[in-house]
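These notes concern the structure reproduced below.
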Amino acid sequence: MEEATRYESLRQEFNRWAAEGKGQGMEHEHMPIALPMLERMRLRPDEAVLDVGCGSGWLVRLIARLVPQGRVAGIDLSDEMIRQAREASAGQDRVRFEVGSADHIPFPDDSFSRAVSIESAYYWPDPAAGITEIARVTKPSGSAWILINYYRDNPECHQWAPLLPPTHLLWAREWEELFRQAGFTDVHHGRIPDPTPVPDDYHGRWFRDAAQLRRFRAEGALLVHGTKPSA
Ligand SMILES: C[S@@+](CC[C@H](N)C(=O)[O-])C[C@H]1O[C@@H](n2cnc3c(N)ncnc32)[C@H](O)[C@@H]1O
């Protein structure tokens, strides 16, 4: 698929998700893996944080409460997600949302002490360019944190491929390598299992049965993080 077409079809796909209310739905789905990530990040009250692929903005609003003297921005390729994020955040002056792509982040160099991204990076047409852009807008000594449920080390998610727009199914060590190539140091990965109970009568489309969904949640989401060297 031609590059411009790929971005446009991603935008349309996620505009559809937004129109169907999935932006808000993901808050409930991703919260059990987001909270342990936030705990590990140990945010200070005055941090400036960017959320890349922020969807309807729930994580931006949550982080804003954790950094009462700081500021938080979210960007997303989907203009409908951003419209909903702005609507849900009306009157909050420390949060800001912009339409933008991970590989063209609409902020100057060294703008944020932290960058986060949940369940978005495997959709980016060019993940290497996205992580390089994140490194550009991260301040020296700041850090980037990417959390994803779709990665090759977890065999219980591979059946998603035909259900998703074009995606990248990379190994954890390949994500780490992208961080290092972008200039991050102290790069590590870990897993965040999801303790949410699975009902026996699961009949969704993403997993064969309840047993597979349980195995998937036990394997956990992949968390990759790295630090931008000090100037
Ligand atoms: C599965 S949703 C996750 C949204 C949000 N992080 C959450 O947890 O609710 C993936 C999001 O990534 C966004 N996205 C996909 N490709 C992107 C890109 N290249 N740049 C910025 N956002 C992108 C989509 O528009 C969508 O809102």
Picking from Arg173, Arg208, Arg180, the residue that is assigned to a loop (DSSP other than H, G, I, E, B), surrounded by fewer than 16 Cβ atoms within 10 Å (Cβ to Cβ) and more than 15 Å from the chain's Cα centre (by Cα) would be Arg208
Taking segment 141-169 and keeping residues in contact with a strand residue (DSSP E or B) (Cβ under 9 Å, 6 or more places away or on another chain), in contact (Cβ under 8 Å) with a residue 40 or more places away in the chain and not hydrophobic (A, V, I, L, M, F, W, C) leaves Ser141, Gly142, Ser143, Asn149, Tyr151, Asp153, Asn154
Within segment 107-118, residues in a loop (DSSP other than H, G, I, E, B) and among the hydrophobic types (A, V, I, L, M, F, W, C) come out as Phe107
Within segment 189-205, residues being basic (Lys, Arg) and assigned to a strand (DSSP E or B) number 1
The helices (runs of 4 or more DSSP H) lying wholly within segment 1-68 that contain at least 2 residues that are within 9 Å of the ligand (Cβ to nearest atom) and either among the hydroxyl-bearing types (Ser, Thr, Tyr) or over 26 Å from Thr132 (Cβ atoms) (or both) are 3-19, 22-41
Of the conditions (1) surrounded by 24 or more Cβ atoms within 10 Å (Cβ to Cβ); (2) farther than 17 Å from Leu35 by Cα; (3) within 9 Å of the ligand (Cβ to nearest atom), the single one that Ile134 does not satisfy is (3)
message: Among the residues in segment 97-115, are any closer than 18 Å to Gln24 by Cβ, charged (D, E, K, R), surrounded by 18 or more Cβ atoms within 10 Å (Cβ to Cβ) and in contact (Cβ under 8 Å) with a residue 24 or more places away in the chain?
response: no
Residue pairs qualifying under the 9 Å Cβ cut-off, at least six apart or on distinct chains, with the first in segment 1-20 being hydroxyl-bearing (Ser, Thr, Tyr) and the second being surrounded by 14 or more Cβ atoms within 10 Å (Cβ to Cβ), are Tyr7/Leu77; Tyr7/Ser101; Tyr7/Pro125
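Results for (1) at pLDDT 95 or above; (2) under 23 Å from Leu10 (Cβ atoms); (3) aliphatic (A, V, I, L, M), shown as yes or no for each residue.
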| residue | (1), (2), (3) |
| --- | --- |
| Glu156 | yes, no, no |
| Phe179 | yes, yes, no |
| Gln212 | yes, no, no |
| Val224 | yes, yes, yes |
Restricting segment 69-88 to residues that are among the small types (Gly, Ala, Ser) and buried (at least 19 other Cβ atoms within 10 Å of the Cβ), the one farthest from the ligand (Cβ to nearest atom) turns out to be Gly70
Residue hits (segment 112-121; closer than 13 Å to Ala102 by Cβ and either among the aliphatic types (A, V, I, L, M) or more than 9 Å from the ligand (Cβ to nearest atom) (or both)) are Ala115, Val116, Ile118, Ala121
For segment 45-59, pairs from a residue that is over 11 Å from Ala115 (Cα atoms) to a residue that is away from the ligand (no atom under 11 Å from the Cβ) and of a type in the set (S, T, N, Q), with Cβ under 7 Å and 6 or more apart or across chains, are Pro45/Gln69; Asp46/Gln69; Gly57/Ser89
Filter segment 89-106 for residues that are part of a loop (DSSP other than H, G, I, E, B) and over 15 Å from the mean Cα position of the chain (by Cα); the one that is nearest to the ligand (Cβ to nearest atom) is Pro106
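The values are calculated or read from the model by the stated rules, or taken from the named source; none is laboratory data. Just so it is clear, the model here is predicted, and its values are computed rather than measured. A quick note on method: Cβ atoms are made from the backbone with ideal geometry, for glycine too, and the neighbour counts reach across all protein chains shown.
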